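Read the structure below first, then the notes.
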Amino acid sequence: MTEWTSQQTEESEQTEESERQTDQTEQPEQTEKPEQAGRPEQTEQPGQTSRPEQTGQPRQPGQPDLAPYASPLETAQHPLPKAPTRPLDEIRRWPRSFADRLTAPLPGVRAMARLAKEGAFRPGADGLGDIPLLPFEPGPLPAVDSTTVAVTWAGHASWVVGIGGLTVLTDPVWSRRILGTPARLTPVGVRWEDLPRVDAVVVSHNHFDHLDAPTLKRLPRHTPCFVPAGLGRWFRRRRFTRVTELDWWEGAELDGVRFDFVPAHHWSKRTLVDTCRSLWGGWVLTDALEQSVYFAGDTGYGHWFKEIGRRHPDLDVALLPIGAYEPRWWLSDVHTDPEEAVRAFEDLGARNMAPMHWAAFVLSAEPVLEPLTRVRAAFERTGRPREQLWDLPVGGSRLLPA
């Protein structure tokens, strides 16, 4: 059981507050038109009914050497090879905004007024009653070598991935609290002191429950960090020296493991002045034996899953979000519900599915245990073998079959 001492908690919260003040005083490099009003992280999603999927080409950032974009139809007719790898730690110029990559509009005043009127920010008493039943079974990290792949769920979107002999953290959040939410429902499933040397970090986007400054501050500043386009400045200001920013469909390689950045149906925002200033997406990690792990980050359901599956066939395991989905009218554009997560798994053509993004923080109104019961039922309806659903407890691990 992870121990939370009062001193550790106080230090973590003080550090987080200090980092947050730094973030909120940052100003954009160039003057732009005012962005849309800010929202708390737990209500981060568009409050409009999902519109039909967009299949047009996103705007390219104007770099001549970027990988080409294609619609799902074009990709199906003419499969695209993986783009050449980009250099590590490359300093690049990016557009001032990635708002044209949105696949749904951000909410307006009416949507936010409706949310405030309904007050559907948290589960009711009945929905919180199952907190003691949330699965928490921390165990030792599995032994891995350069030929094995293992995933350990630390909680929320934080995974310890062993691949190609590397230890990779995804969206590492080891803090007890994040901005705008109550304390964690379950402790972190892996104690920080039990981690092996961290060889790399991947970050999906800049929301506080995925990009946690106090946690990252614990890492050596020479740790390689793979981040979305536009987020490199945030890391370099904190003196990280090995930061690789990638656009959608770009990849880079570290010690024989390839890191590919892929699209997601989401958005980004961390302060009042940085809406969509950095990109958002997921990551595909592939070792020299072509064993692969897809980390979806934070995303709604849409056409990108099929295209990711086309460009990255034979994914061994897909780490997919299943929580933070109610009320649906507010969250459907950017957070999959359990049934949509299973549908995304089938679109990807992956061999195994590992649910995440639930059981740690209260970010929305569904009962805390509902994501697990619904994803199990949805998976059963597919007729797939039960062992392909890796519904791990917080702290649980699984290795790819030999």
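The values are calculated or read from the model by the stated rules, or taken from the named source; none is laboratory data. Nothing here was measured: the structure is a model prediction, and the numbers come from that model. With ideal geometry, Cβ positions are generated from the backbone for all residues, glycine too; neighbour counts draw on all protein chains shown. Remember, those area values only see protein heavy atoms, side chains included, never the ligands or the DNA or RNA. Shrake-Rupley method; radii C 1.70, N 1.55, O 1.52, S 1.80 Å.
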_Karplus 3J(HN,Hα) series, Hz, for segment 372-384 with 6.51 cos²θ - 1.76 cosθ + 1.60 (x for Gly, Pro)_ = 5, 5, 6, 5, 5, 5, 5, 5, 4, 5, 6, x, 6
*Based on the Cα gyration tensor of segment 174-226, what are the three equivalent ellipsoid semi-axes, each the root of five times an eigenvalue, rounded to whole Å and given largest first?*
20, 15, 9
*If you roll a 1.4 Å probe over the heavy atoms of the protein chains, what accessible area per residue do you get for segment 250-402, in Å²?*
28
*asked:* Using a 1.4 Å probe on the protein heavy atoms, what percent of the accessible area of segment 134-254 belongs to carbon and sulfur?
replied: 49
*asked:* Given a 1.4 angstrom probe, I'd like the percentage of the accessible area of segment 338-390 that is carbon and sulfur, rounded to a whole number.
replied: 45
_Extension gain (nm, one decimal) between Glu346 and Arg386, 0.36 nm per residue minus Cα-Cα_ = 13.0 nm
*asked:* Using a 7 Å offset from the Cα along the Cα-to-Cβ direction at both Leu289 and Arg238, what is the distance between the two label points in nm, to one decimal?
replied: 3.3
*Measure of compaction for segment 295-361 (Cα Rg per 2.2 N^0.38 Å)*: 1.05
*asked:* How high is the relative contact order of segment 175-332? Use alpha-carbon pairs under 8 Å, at least six apart in sequence, and give a whole percent.
replied: 17
*Two-decimal Rg/Rh of segment 235-300 from alpha-carbon positions, Kirkwood Rh?*
1.02
*Which values of log₁₀ I(q)/I(0), to two decimal places, follow from the Debye formula for segment 332-381 at q = 0.15, 0.28 Å⁻¹ with a uniform point scatterer at every Cα?*
-0.40, -1.24
*Cα-only Debye scattering, segment 269-317: base-10 log of I(q)/I(0) at q = 0.13, 0.27 Å⁻¹*: -0.42, -1.06
*Residue by residue through segment 324-336, which ³J(HN,Hα) values in whole Hz follow from phi under the Karplus form 6.51 cos²θ - 1.76 cosθ + 1.60 (θ = phi - 60°), with glycine and proline marked x?*
6, 10, 10, x, 5, 4, 8, 10, 5, 5, 10, 9, 5
_Residues listed by number, segment 193-235, amide nitrogen under 14 Å from Ile91 label point at 7 Å toward C-beta_ = 232-234
*For segment 93-148, what are the per-bin percents of Cα-Cα distances with bins 10 Å wide, up to the bin holding the maximum?*
14, 18, 19, 27, 20, 2
